[in-house]
């Protein structure tokens, strides 16, 4: 197979496109791929928390706000968003859930692994520990508020 074109267009999503580019580069099919391709990767920082307690029920009708975004400008970790995920019907089952979305610094990097013949993401779970802790604290604070 011979490549004649000067440009390549890929539409495989962010992850798929990066994997394809890194694999092609690793196999010598792309000679001048910029060094930044495959760098700066992170997860979306999503966390789902659920609490079930017979001592502190949120009640049968759980309301909003459906989504709250917050930002502590003194915190370099950036914005944090909390989204409620209550039971979708009126039932006092003593549980509620909240989704926390934080900003995760992109420290992951894609590399071509010749043994697998694939591009592999190097990502340490410690990279998003701060986002996880911030979401957990925000959820705990919202659950601790007095209920009427």
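The values are calculated or read from the model by the stated rules, or taken from the named source; none is laboratory data. As the structure is a prediction and not an experimental result, all values here were calculated from the model. Please note: Cβ atoms are built from the backbone with ideal geometry, for glycine as well, and neighbour counts cover all protein chains shown.
Assorted remarks:
- Contacts under 8 angstrom Cβ, first residue in region 1-20 being at pLDDT below 70, partner surrounded by 12 or more Cβ atoms within 10 Å (Cβ to Cβ) and part of a loop (DSSP other than H, G, I, E, B), 6 or more apart: 3/29; 8/30
- Of the strands (runs of 3 or more DSSP E) lying entirely inside region 81-141, the ones with 1 or more residues being within 13 Å of the chain's Cα centre (by Cα) and under 25 Å from residue 27 (Cα atoms) are found at 108-113.
- Restricting 48, 93 to residues that are out of contact with any helix residue (DSSP H, G or I) (no Cβ under 8 Å at 6 or more places or on another chain), modelled with pLDDT of 75 or more and either closer than 30 Å to residue 120 by Cα or surrounded by 14 or more Cβ atoms within 10 Å (Cβ to Cβ) (or both) narrows the list to 48.
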